[in-house]
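To start, the structure itself, in C-alpha cells.
What follows draws every value from the coordinates through simple rules; no lab data is involved. In this text, all values refer to a predicted model and were calculated from it rather than measured experimentally. Here the Cβ is made from the backbone with ideal geometry for all residues, glycine too, and neighbour counts use every protein chain on show.
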Amino acid sequence: MIGEMMSTLNGWIANFGVLSEAWRVSIVVFALVFGTATIAYVASHIIGALESRFSKTNNIWDDALLHATRAPVVAFVWLQGIYWAAEVAHHYSSAEIFKANGILLQVGFIFIFVWALLRMIKELENIVVSPVKMKKPMDYTTVNAISKLSRAVVIITAVLISLQSLGYSLSGVLAFGGVGGIAVGFAAKDLLANFFGGFIVHLDRPFKVGDWIRSPDRKIEGTVEHIGWRVTTIRTFDKRPLYVPNATFTTIAVENPSRMTNRRISETIGIRYADVSQMATIVSDIRSMLEKHEDIDGKQTLIVNFLAFSHSSLDIMVYAFTKTTQWVRFHEVKQDVLLKISDVIESHGGQVAFPTQTIHFGDEGRLPGQSKDRDAQSESEDARTEKGDAQRVSRNQDSSRRDRNRRHDTQAGDVGEQSLDAGDGD
C-alpha cells in the first residue's frame, strides 16, 4: 500500500520535473510526521473533552476508561505515523534498520496495549478504595495486593507475547525458565521468602496501611505506611522509617493495637489505716462514680474493691475500660477519673496514703521495757554477790571455831597432838 502510494506520488511529481528524489522523500516524510502530530493533538483534545463531559455523570467507570486510554491513544497515533514514515524511507533506502519496521510495530502495539491495561488497573484501584466515589470502599491493603498481582500477570504475559513476536520459541523460553528458576530460587531464596511473606500478609491481613502495630518478639512498633512485596515500611513514633522484610512477619508475633475496642484503666490506690472505718463507703462511691461516668464503658468489666492491707496503706483496686481508644483522649479520661477518685476520698475525710514509719524513743535513749529488764538484772546480780560473801564469811568462822576447840581439849605432848602435827607414826 505504501509502495503504491509512493509510486503514484513520485510519478505525479516527476512529470512536473520540479524536485529531485531526495527532496520528494523528505517532503513526504515531513508531511507524515506533521500529520501524525496534528492527529495526535486532535485526538488528545477530543478525549479530554469527552472526559470532561462524562465527569459530570454518575457513572465513574467511563471516567476511568477515558483517563486511562488518553495517553496510550496518543502514543498509538505516533507509533502508526512513525511506522508509515519509516516505510516511506525504506522504499527509497536499503538500510537494515528499516527491515524491522513490522516487528517494531507489533512490539510497540503490545507495549501500548499493556500500558493502557496498567493505567486502567490503577484507575480502578483508586476508585474502589475511595470513600468519595464508593459508598462502601474496599480495604486498601486487599485492593493493592490484587492490583499488584494483576499488573504482574499483565507484564509477564506481554513479555512472553513480545518474545514470540521477535521469533523466540515459547517452549524453549519456558524450559529455560524452569531450569533457570531452580538456580534463581537457590540464589534468591531470601528474596522469594520476602515475596511469599508479603503474599501471606496480604492474604491474612493481620494489619493494613495506617495501623499501629508492635511486636513483643522484636523492637518493632509504629504506624504502617506501605506494604510492598519485599519490605513493609513502618513509621516509628520518633518519626523514623523502619523497613522490615516481609519474611519476618511469618516468624514473629504481631500485636495490632489499632483494632482494640477499649483502653484499660488499672490502678491501685491506697488510703490511710486511720480511714479504715470509711473503706466500705469510699469503695461504694468510687464504683458509683465509674458506673455513671460518660467515658467509661459500662458493658465491660468494672471492679472496685478493697484489695489488701499494705505496709503503709489500705489498697483499693480500680479496674475499668474507657470507650475511646485514642491515646491522647484516653489519658484525658484517666486523669478525670483519678481526680474524681481523690475527691471521693476527701469527701469522706480520708486521705491518699503515702509510705510512713513510726519510731518510739524512751528515757536515755532506751525503750521502757528494755530499762526495766536491765534494772531487774542488775538487782539480781547484786543479791547473788551479797549471798556469796555471807557464805564465805560463815565458812571462815566455822573453821576458826573448830581449830580453837581442838587446841583446847589436847595437852602438850599428848598422842593426839602429835598425830595432828606430825602425822601417823610407828
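In region 212-326, which strands (runs of 3 or more DSSP E) lie fully inside it and hold 3 or more residues that are more than 26 Å from TYR140 (Cα to Cα)?
Those strands (runs of 3 or more DSSP E) span 263-271, 303-309, 314-322.
Does any residue of region 318-325 turn out to be over 26 Å from the mean Cα position of the chain (by Cα) and over 30 Å from SER215 (Cα atoms)?
No, because not a single residue in region 318-325 is over 26 Å from the mean Cα position of the chain (by Cα) and over 30 Å from SER215 (Cα atoms).
So which residues in region 263-283 are closer than 13 Å to GLY350 by Cβ and not aliphatic (A, V, I, L, M), if there are any at all?
Within region 263-283, GLY270, ARG272, TYR273, ASP275, SER277, GLN278, THR281 meet the criteria.
Being under 25 Å from VAL328 (Cβ atoms), out of contact with any helix residue (DSSP H, G or I) (no Cβ under 6 Å at 6 or more places or on another chain) and among the small types (Gly, Ala, Ser) narrows it down to one residue among SER288, SER313, SER277, SER266; which is it?
Checking each option against the conditions leaves just SER266.
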